[in-house]
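Worksheet for the structure shown next.
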Amino acid sequence: MPKIIGIIGFKGGVGKTSSAVHLAGHLAERGTTIAVDGDDRNRSMMTWASAGKLPFQVMSLMEALSSRDADFLVVDVRGGLPDVELFDLARSCDLLLLPANPEMMSLDGMRRTFDVLTDEEERTGQPWRAKMAALLTMVRPGTPDKPNRKLVEAQAALSALSIPMLESTVRASEAFKDASKEGVLVRDVKGSHLAATCWEDYGSVTRECLSLMGVKA
Ligand SMILES: Nc1ncnc2c1ncn2[C@@H]1O[C@H](COP(=O)(O)OP(=O)(O)OP(=O)(O)O)[C@@H](O)[C@H]1O
Ligand SMILES: [Mg+2]
């Protein structure tokens, strides 16, 4: 059975699709990976893949139902998924990643998603909390003597709410926008001195995700 990672969240534009694509890119180096475009309204991942330059297959949710021979499925969904569909996805996934940006509105959207899932967990006894993790994306890098204040505050806010989060974060960079425009992974963006660093941000995210799912490095 494949390991399934769902990238979820009610709020739009927080980096769900970018995270799904880059996580799938790293996982493809370890095993057969399928990225599932569950965003039936926008088909953003299908558009990204249309240039034919991604090292994994992208399928719709329906198509993916028949692909049980993959090692990893990474499922991207649209922002406003109805609760029942969110619960269906949560039941199927080994890990639920909740991307958010270190901004009030974004963190609030993520907290609502977390709350809806934990309420349902309490109602039905599903062990979901253990497989949820927040991922802070679009983080402006700080320096050792001047850490990014918004990042520090966001991490403190998540800790105070007992929302589990990945230690790894993803920096804000135009290179990610170029990657989606060009239909490539960020590592393949030409002319950006940050392309390799941005790619490695998701390398670190991927290693943490594998460890949370109990997959050996
Ligand atoms: N780390 C990043 N730094 C800068 N820009 C980013 C980063 N990640 C994503 N973006 C850009 O932000 C925008 C939203 O990202 P993305 O499409 O991944 O979010 P989403 O949560 O899937 O959005 P939607 O809800 O519309 O599906 C895109 O223009 C994308 O290129
Ligand atoms: Mg998206």
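The values are calculated or read from the model by the stated rules, or taken from the named source; none is laboratory data. Keep in mind that this is a model prediction, so the values were computed, not measured. Please note: Cβ atoms are built from the backbone with ideal geometry, for glycine as well, and neighbour counts cover all protein chains shown.
For region 20-32, the set of residues classified as surrounded by 24 or more Cβ atoms within 10 Å (Cβ to Cβ) and either over 19 Å from S180 (Cα atoms) or among the small types (G, A, S) (or both) consists of A20, A24, G25, listed by residue number.
No other residue among S192, S211 is within 14 Å of ligand 1 (Cβ to nearest atom) and of a type in the set (S, T, N, Q) apart from S192. The set of residues from region 149-173 being within 23 Å of T17 (Cα to Cα), assigned to a loop (DSSP other than H, G, I, E, B) and more than 16 Å from ligand 2 (Cβ to nearest atom) comprises I163, P164, L166, E167, S168, T169, A172, S173. If T113 satisfies all but one of (1) polar (S, T, N, Q); (2) in a helix (DSSP H, G or I); (3) over 29 Å from A49 (Cβ atoms); (4) in contact (Cβ under 8 Å) with a residue 24 or more places away in the chain, what's the number of the condition it fails? Result: T113 fails condition (3) only.
The single condition among (1) within 16 Å of ligand 2 (Cβ to nearest atom); (2) crowded, with 23+ Cβ neighbours inside 10 Å; (3) within 27 Å of E167 (Cα to Cα) that G12 does not satisfy is (2). Only one of the numbered conditions (1) farther than 18 Å from F176 by Cα; (2) part of a strand (DSSP E or B) is not met by A35, and that is (1). Residue under question is T169, and the condition is that it be touching an Asp or Glu at 6+ places or on another chain (Cβ under 8 Å) and modelled with pLDDT of 95 or more; does it hold? Answer is yes for this residue.
Residues are listed down the side, and each one gets a yes or a no for (1) within 19 Å of V14 (Cα to Cα); (2) touching a residue at least 40 places away in the same chain (Cβ under 8 Å); (3) within 16 Å of ligand 2 (Cβ to nearest atom):
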residue: M59; (1), (2), (3): no, no, yes
residue: E63; (1), (2), (3): no, no, no
residue: R68; (1), (2), (3): no, yes, no
residue: E85; (1), (2), (3): no, no, yes
residue: C93; (1), (2), (3): no, yes, no
residue: N101; (1), (2), (3): yes, yes, yes
residue: R123; (1), (2), (3): no, no, no
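Look at region 153-182: where a residue is in contact (Cβ under 8 Å) with a residue 40 or more places away in the chain and near ligand 1 (Cβ under 8 Å from one of its atoms) and a partner is assigned to a helix (DSSP H, G or I) and β-branched (V, I, T), sitting 6+ places away or on another chain with Cβ atoms under 6 Å, you get F176/V186; A179/V186. Inspection of region 6-29 finds a residue satisfying the criterion of being closer than 23 Å to G109 by Cβ and in contact with a Cys (Cβ under 6 Å, 6 or more places away or on another chain).
Set side by side, the residues K190, K216, K150, K181 differ, and just one is over 18 Å from the mean Cα position of the chain (by Cα), surrounded by 16 or more Cβ atoms within 10 Å (Cβ to Cβ) and of a type in the set (K, R), which is K150.
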